[in-house]
Amino acid sequence: MNERIQTYPVSHTLGYPRVGEHRELKKAAEAYWHGKAAQVDLEAAGRHVRAAGWLAQKAAGIDLIPSNDFSHYDQVLDLTCLVGNVPRRFGWDGGNVDLSTYFAIARGVGAAGADCGCGRRGAAVASEMTKWFDTNYHYIVPELGPDTRFSLSSGKPFDEFTEALALGIRTKPVFVGPVTYLRLGKAHGAGEFDMLSLLPRLLPVYAEVLRRLADLGADWVQFDEPVFSLDLAPAERAALGEAYRFLAGAEPRLRLLVANYFGALGDNLEAFTSLPVAALHADLVRAPGELDALLGALRAPTKLSLGVVDGRNVWRADYARTKPLVERVAAAVGPGRLLIAPSCSLLHVPLTLRNEPALDAGLRSWLAFAEEKLGEVSFLRDSAAGISRPLDEAANRAAADSRRSSPRIHRQSVKLRAAAVTDADARRASPFEARQAAQRRRLSLPPFPTTTIGSFPQTDAVRAARARWKKGAISTAEYEAFLEVEIGACVDFQEEIGIDMPVHGEFERNDMVEYFGERLRGFAFSSNGWVQSYGSRCVKPPILFGDVDRPGPMTVRWSAFAQSLTPRPMKGMLTGPVTILEWSFVRDDQDRSLTALQIALALRDEAVDLEKAGIAAVQIDEPALREGLPLRRAGWPAYLEWAVRAFRVSAAGVRDETQVHTHMCYAEFNDIIVSIAALDADVITIETSRSAMELLDAFATFRYPNEIGPGVYDIHSPRVPGVEEMVTLMRKALAVIPAVNLWVNPDCGLKTRGWDEVRPALANMVAAARILRAEGRHRPAPG
């Protein structure tokens, strides 16, 4: 470590985007999975992305640069493999976990050795996937049980540290902390048990990792423990203390940094500040009011890392607010005990504004992506050290003033409409029982009706046509003619196999949120602002900067066209207000509840227009509803009140006989089931295939009154489930949900799958529904 870092404040990052400036890692991974590239090609792409990230941070003046923040899928799965916690069904026989086993855990293995990028034969269902705290990032859930044993089973962190060292960069390796890892796990094969009981088995593997890193020349190691932002039991706080007493003593050559982010420490603050480590990181973007308590509890000589640059959003830091804060802390604890950082890993924001020439200069001046946030961290580090950079400060002040005064942000007509919403605007005309009878008369569906969640495969041809249209290479008329052919083929396929409630396939949509943002006022869009969601799945969130309304219909043309091709009831597809909010980079200058209500009113208008066009069912997807929950239960009631109200406002404009669907995926529902019921959707479809219908328990215990479609086809895996597998899942559902209320559907949309997987999987799904009907379970006759 050089003298500057020992004497002055230290700049560092907690993690960096890892898909590459041009999504190189995504392309390499998918080529490898599809057998079009070798493992060496995928590994070379990874080395390129890692080196580019390290060098960019070095060039920006970051003092402590992370390693092991790179991942081929997700960082929790990386740790699962590092500690040898591979589920038995994947046939791992010890030693280092190879890449084929790694991808098998994430993506499953097909029943007949189907292409899954894992090179294995024989069936194995992928491990469950869920959201990383309150983000739209996903992780593979660790499977834990009383018999779980751990052993060092990967060289990844050591290889990457050595790679960086060869570039002249002594990195700070980053790991998910042991208590967070166990807390995120799920009991398998043994019922409920105390997962913290595994901590004494897990810690020696962490200690072995520390010793090897110290031998390689590491100085700092970062452990991410965002569980400090959750409601913790006394035993969990005690486990955190036990873990870091053990690890701090395991390798005295290393300095340990424990990072909390995504929320306030609250009643965990004392447990956090008493950890015997070299440095502690706190998220002062999410919890700005906690600084004084932190300073009061911080124990010398522990260093304090201030997360003062927003790692979750794209707005430029306001130096008028952050600069005095870091200078005050530097004066309070001394600059040598201060570290400056983003609030969390920068993997949650796009990589760089350099590739955004289409953004107008005014809006661009309000933004900071990952590269630009590095400059903000360096500026604040210098400020805390007493180094003045007046030109940077003046430019920042001008941008902040421009944003505050811009007429593009505030529109009075939108504000007045939102202010006029009443409780009656958030209620359907009749209760569910009356609506259900009216819908059954109109729809005349068979028992166990089949449908899908909305999207169908976005083929290379679809993406190429959209790209040519956007570049002006083909006319709008030519592009729309192409879309009509794709929609027609999709409807024909659904007719051929017998889907009871078809969809149009969403071929016109680039993304379920971006598509709507492009048709609503108040949104802006990047060209290359990609963010990893899971594995190779990247999204390009809209930038929600101002008041939102709908200039005109957004989806009616395509749903109406699809309905003209079939006598079956076509389902219109909308993305819900909370999901549009959560999956955008949302404005931070007004309460999120108001922004959600503005979006809801725009969607309400769209639902009414779909109904007028003859669409009998409208799905308003809310997969992000649970994701938006505050991490502390104390904040849940207020959030759920406005989130549920926003959904109901979006749905309540249609008549009783129009069936409203919603969809949720990869979330636990037990603790919010009352609020899910309060949405009052006529049909809810949910992800249940990876959990073998366990998620239905909440609906059964609660006696959920409305109709439910539990997923029987895991669309995040290339596996094609067989008919009997789907029938078995539905029989489990029948044990807890009345047959008359059950639908049959996939877990989620089919956009990311190929037609060679979707065709047989959906045919099997329809066959499974027919078997259930033949078993004699009947829906009441219409009327």
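The values are calculated or read from the model by the stated rules, or taken from the named source; none is laboratory data. Every value quoted in this text rests on a predicted model; they were computed, and no experiment measured them. Note that we place each Cβ from the backbone using ideal geometry, even for glycine, and neighbour counts take in every protein chain shown. Surface accessibility is based on the protein's heavy atoms, side chains included, excluding ligands, DNA and RNA. Shrake-Rupley method; radii C 1.70, N 1.55, O 1.52, S 1.80 Å.
Between the alpha-carbon centers of region 534-590 and region 667-730, tell me the distance in whole angstrom.
Centre-to-centre (Cα) distance: 23 Å.
Testing the spin-label approximation: label points 7 Å from Cα along Cα→Cβ at ASN96 and ARG253. State their distance in nm.
2.1
How would LYS471, LYS323, LYS540 rank on accessible area, largest to smallest, probe 1.4 Å?
Working: LYS471 175, LYS323 45, LYS540 20 Å².
From most exposed to least exposed: LYS471, LYS323, LYS540.
Taking R0 as 30 Å, what's the FRET efficiency between ARG441 and ALA774 from their Cβ-Cβ distance, rounded to 0.05?
Values: r = 25 Å, r/R0 = 0.83.
So, using R0 = 30 Å, E works out to roughly 0.75.
At a Förster radius of 35 Å, what calculated FRET efficiency corresponds to the Cβ-Cβ distance of THR752 and ILE409, to the nearest 0.05?
The calculated FRET efficiency here is 0.55.
Residue-wise, which Karplus ³J(HN,Hα) couplings in Hz belong to region 267-276, taking 6.51 cos²θ - 1.76 cosθ + 1.60, θ = phi - 60°, and x for glycine or proline?
Result, rounded to whole Hz: 6, 8, 4, 5, 4, 5, 6, 8, 5, x.
Just to be sure I understand the model, the point goes 7 Å from the Cα along the line to the Cβ. What's the resulting ASP671 to ASP231 distance in nm?
0.6
Averaged per residue, what accessible area in Å² does the chain show with a 1.4 Å probe, protein chains only? Write out the running numbers ahead of the final one.
Numbers: 27420 Å² over 783 residues.
Heavy-atom SASA per residue in the chain reads 35 Å².
Given a Förster distance of 51 Å, report the FRET efficiency between GLU192 and SER430 from their Cβ-Cβ distance, rounded to the nearest 0.05. It would help to have the intermediate numbers written out before the result.
Values: r = 41 Å, r/R0 = 0.81.
Efficiency, rounded to the nearest 0.05: 0.80.
Going Cα to Cα from LYS540, which lysines come in below 26 Å? Please leave out same-chain ones fewer than 8 positions away.
Excluding near neighbours in sequence, the set is LYS26, LYS27, LYS36, LYS131, LYS373, LYS470, LYS471, LYS571, LYS751.
What percent does the relative contact order of the chain come to when contacts are Cα pairs within less than 8 Å and at least six residues apart?
Averaging sequence separation for qualifying contacts and normalising by length gives 13 percent for the chain.
Please list 69-76, 291-298 highest first by mean number of surrounding beta-carbon atoms within 10 Å per residue.
Highest to lowest by the protection proxy: 69-76, 291-298.
What residues of region 322-358 lie in the reach of a label at ALA300, counting those whose backbone N is under 19 Å from a point 7 Å from the Cα along Cα→Cβ?
Counting only backbone N, you get 328-339.
Could you point to the residue in HIS504, ALA358, TYR8 farthest towards the positive end of the chain's charge dipole, with +1 and -1 charges on the Cβ of Lys/Arg and Asp/Glu respectively?
Highest projection toward the positive end goes to ALA358.
In nm, to one decimal, how far is the ARG519 label point from the ARG211 one, both placed 7 Å along Cα→Cβ?
So the two model labels end up 6.1 nm from each other.
Might you work out the accessible area of CYS538 for me, using a 1.4 Å probe with all protein chains in place, and round it to the nearest 10 Å²?
10
Kindly state, as a whole number, the per residue volume in cubic angstrom of the convex hull around the alpha carbon atoms of region 388-466. Present the calculation step by step, with values, prior to reporting the outcome.
Details: hull volume 26.7 nm³, N = 79.
Convex hull of Cα atoms, per residue: 338 Å³.
So what's the chain giving for Rg/Rh, alpha carbon basis, Kirkwood Rh from the mean inverse pair distance?
0.96
Could you state how much accessible area TRP315 has, in square angstrom rounded to the nearest 10, with a 1.4 Å probe and all protein chains kept in place?
Surface open to solvent at TRP315 totals about 10 Å².
Could you sort 299-308, 340-349 so that the peptide with the highest average Cβ count within 10 Å comes first and the rest follow in order? Please list the in-between numbers first.
Working: 299-308: 18.9, 340-349: 27.5.
In decreasing order of mean packing, 299-308, 340-349 become 340-349, 299-308.
Starting with the highest mean, order 611-621, 548-558 by the number of other Cβ atoms within 10 Å, averaged over the residues of each peptide.
611-621, 548-558
In the full protein assembly as shown, how much of HIS663 is accessible to a 1.4 Å probe, in Å² to the nearest 10?
HIS663 has an accessible surface of roughly 0 Å² with all protein chains in place.
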